[in-house]
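Presented below is the structure to which this report refers.
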Amino acid sequence: AQSVSQHNHHVILSEAASLELGCNYSYGGTVNLFWYVQYPGQHLQLLLKYFSGDPLVKGIKGFEAEFIKSKFSFNLRKPSVQWSDTAEYFCAVNANFGNEKLTFGTGTRLTIIP
Amino acid sequence: EAQVTQNPRYLITVTGKKLTVTCSQNMNHEYMSWYRQDPGLGLRQIYYSMNVEVTDKGDVPEGYKVSRKEKRNFPLILESPSPNQTSLYFCASSLRPQANTEAFFGQGTRLTVV
């Protein structure tokens with residue numbers, strides 16, 4: 001079974017700082033990878049996804065992520081964060097075949113200080 | 001507007017009193033699932049359904065039931081709620097059971113069992 005690790009539980013940054021949130025997964029086969037964001041009091045929304053092709057994917061709101069297969073990683077980045085990026089971020093994975101469910105990491109809470 | 005709708009958004013109930021949380025999607029999605037979100041644990045899948053009358057257990061199914069009599073609806077039933085089921089619940093749907101489609105989430109139901 002696959003699993004997802006997000007090692008940063010809570011990250012605090014000042015506005016305009018650069019962001020990188022770590023995500024590592026364990027699964028031996030081909031996977032699909034996702035980053036979801038949950039703003040305070042809201043539901044999860046998709047930030048970006050990787051299915052195949054260019055390992056550097058760009059999502060909404062200036063976020064991007066890079067799939068590094070050899071490291072089983074899919075880290076999320078943003079060059080300059082804003083106060084409105086304060087939210088919880090979840091990395092998720094599912095296997096690229098069959099009917100596999102989404103497996104989520106435990107989430108990273110991001111707090112941006114104005 | 002494409003959406004997943006859950007009701008109620010907030011619910012406080014007493015131990016043992018049966019309750020149902022409804023979930024409906026208007027995107028003609030085949031795959032639907034329920035997750036619970038707990039601090040430090042991320043989202044964990046409770047049950048999923050690949051199509052009408054096809055349901056199966058996720059990672060944490062104990063104490064829950066589901067049904068899928070129509071494609072658009074996927075209610076979550078707690079026959080005898082207990083305090084350890086106090087949580088934030090999300091319903092999700094996606095186009096196919098296959099992996100490379102994104103999931104859409106409902107707004108969440110915050111359940112408190114006293």
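The values are calculated or read from the model by the stated rules, or taken from the named source; none is laboratory data. Just so you know, these numbers come straight off a predicted model, no measurement behind them. Glycine gets a Cβ as well: all are built from the backbone with ideal geometry, and neighbour counts include every protein chain shown. The accessibility values were calculated without ligands, DNA or RNA, using every heavy atom of the protein model including side chains. Shrake-Rupley method; radii C 1.70, N 1.55, O 1.52, S 1.80 Å.
Under the combined filter of DSSP loop state and at most 13 neighbouring Cβ atoms within 10 Å, segment A:1-105 retains these GluC sites (Glu not before Pro): A:GLU15. Between A:LEU13, A:LEU47, A:LEU33, the Gaussian network model of chain A with springs among Cα atoms under 10 angstrom shows the greatest mean-square fluctuation at A:LEU13.
Quantify, in whole percent, the carbon and sulfur part of the accessible surface of chain B (1.4 Å probe; protein heavy atoms only).
Percent of accessible area from carbon and sulfur atoms in chain B: 50.
A 1.4 Å probe run over the protein chains yields, for the protein assembly as shown, 47 Å² of accessible area per residue, whole-number rounding. Farthest toward the positive end of the dipole of the protein assembly as shown, out of A:ILE113, A:ASN94, B:ASN73, is the Cα of B:ASN73, where the dipole comes from beta carbon charges about the Cα centre. Remark: accessible surface ordering of B:MET27, B:MET32 (largest first) is B:MET27, B:MET32, probe radius 1.4 Å.
Compare A:HIS7, B:HIS29 by solvent-accessible area with a 1.4 Å probe and give them largest first, with all protein chains kept in place. Don't skip to the answer; put the middle values down first.
Values: A:HIS7 120, B:HIS29 10 Å².
So, going from the largest accessible area down, we get A:HIS7, B:HIS29.
Taking amide H atoms as placed 1.01 Å from N in the peptide plane, list the residues 5 or more away in sequence, or in a different chain, whose amide H sits under 5 Å from that of A:THR106. Under 5 Å from the amide H of A:THR106: A:GLN6.
So for B:TYR47, A:TYR27, B:TYR89, what's the accessible-area order with a 1.4 Å probe, most first?
Working: B:TYR47 30, A:TYR27 55, B:TYR89 0 Å².
From most exposed to least exposed: A:TYR27, B:TYR47, B:TYR89.
Once you have the Cα-Cα distance between B:THR22 and B:THR5, take 0.36 nm times their residue separation minus that, and quote the gain in nm to one decimal. Don't jump to the answer; show the numbers that get you there.
Values: separation 17, 0.36 × 17 = 6.12 nm, distance 0.80 nm.
5.3 nm is the gain from fully extending B:THR22 to B:THR5.
Measuring with a 1.4 angstrom probe and ignoring ligands and nucleic acids, A:PHE51 comes out at about 50 Å² accessible.
Please check: in the Gaussian network model of chain B (C-alpha springs, under 10 Å), which one of B:PHE90, B:PHE74, B:PHE104 has the largest mean-square fluctuation. Greatest mean-square fluctuation among the candidates belongs to B:PHE104. Return the FRET efficiency for the residue pair B:SER80, B:ASN51: r is the Cβ-Cβ distance, R0 is 41 Å, and the value is rounded to the nearest 0.05. Here the calculated transfer efficiency is 0.90. Can you tell which of A:PRO79, A:PRO55, A:PRO40 shows the greatest fluctuation in a Gaussian network model of chain A with Cα springs below 10 Å? Between A:PRO79, A:PRO55, A:PRO40, it is A:PRO40 that shows the largest mean-square fluctuation. B:ASP56 contributes about 80 Å² of solvent-accessible surface, heavy atoms of the protein only, 1.4 Å probe.
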